[in-house]
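Inspection log for the structure reproduced underneath, given as structure tokens.
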Amino acid sequence: MTASLPHQAAPPDEPPRPTEDRRHMIRRRAITLLIMVLLIGVPAGYLVIAANQSRDSGKDKEAKYSATGLTAGWPSKVQRRVYQVPIPHPSAKVAYYETNNWKTSRLYVQFQTTGPNLDVFLEALGTDRTRLKQDDIAIGQRDQKVTGWKFTGPGPWWGLVHRQKNPAPTQDVVVNLTDPDHPMVYVVSRTVP
């Protein structure tokens, strides 16, 4: 059997501590609980919120990049700048699709605009309406297949290829002038990364 150790005596100049009453003990425990909730619960809540936002963002990106055809709406300003496709305002029936691989990146864009804005668009590309050739379908079969464009309906169809020195993109343009006041424009801009 071991001998019990002696207890250290309280300092003689310090008064004895009063015993804690029940109300003080409950308040102390409540404050301790509140501190624990704030130190653990708040960061955990932020973590859950951030995880949900991250997952939602991933779903949005997955939907965007899993698209397999034209998407209604305007391409981003960055896409329009990189591929040098200056869609004029106002334009309607705007849709786009982007493909990227190790060899070539392409931006497919279609829009309907006004007659004067067609000239603005061509001028912003660095060309003009005189370069358009009737019945020249500048967009190849491969690109037509990717987008589902068919240039077989009523025309007249006009087209041009605007070649630029790398790294600037090359644009294939087809214009449907059935309604000269509201031409439909189809563009494939491709660049080599």
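Within the option set Ala67, Ala92, Ala51, being open to solvent by 40 Å² or more (accessible area, probe 1.4 Å), among the hydrophobic types (A, V, I, L, M, F, W, C) and at pLDDT below 90 holds for one residue only, Ala51. Can you name the number of the only condition in (1) touching a residue at least 12 places away in the same chain (Cβ under 8 Å); (2) open to solvent by 20 Å² or more (accessible area, probe 1.4 Å); (3) not in a strand (DSSP E or B) that Lys150 fails? Result: Lys150 passes all but (1). Pairs linking a residue in segment 97-120 that is free of Cβ contacts under 8 Å to residues at least 40 places away in the same chain and over 22 Å from Asn166 (Cα atoms) to a residue that is among the small types (Gly, Ala, Ser) and open to solvent by 10 Å² or more (accessible area, probe 1.4 Å), with Cβ atoms under 8 Å and 6 or more positions apart or on different chains, are Asn117/Ser91.
Do we find a residue being closer than 28 Å to Ser76 by Cβ, open to solvent by 60 Å² or more (accessible area, probe 1.4 Å) and in contact (Cβ under 8 Å) with a residue 24 or more places away in the chain anywhere in segment 159-167? Yes: one or more hits. If the condition is being more than 13 Å from His182 (Cα to Cα), open to solvent by less than 40 Å² (accessible area, probe 1.4 Å) and not in a strand (DSSP E or B), then segment 95-120 contributes only Thr104.
Gly155 fulfils the conditions (1) of a type outside the set (Phe, Trp, Tyr); (2) farther than 23 Å from Pro86 by Cβ; (3) open to solvent by 40 Å² or more (accessible area, probe 1.4 Å) except for a single criterion, (3).
Report, by residue number, each residue of segment 121-142 that is of a type in the set (A, V, I, L, M, F, W, C), open to solvent by 50 Å² or more (accessible area, probe 1.4 Å) and over 28 Å from the mean Cα position of the chain (by Cα).
Selection gives Ile137 alone.
The values are calculated or read from the model by the stated rules, or taken from the named source; none is laboratory data. The structure presented is a predicted model; accordingly, all values stated were derived computationally and were not measured. Virtual Cβ from ideal backbone geometry, glycine too; neighbours counted across all protein chains shown. For the accessible areas, the whole protein counts, side chains as well, though only heavy atoms, and no ligand, DNA or RNA atoms are used. Shrake-Rupley method; radii C 1.70, N 1.55, O 1.52, S 1.80 Å.
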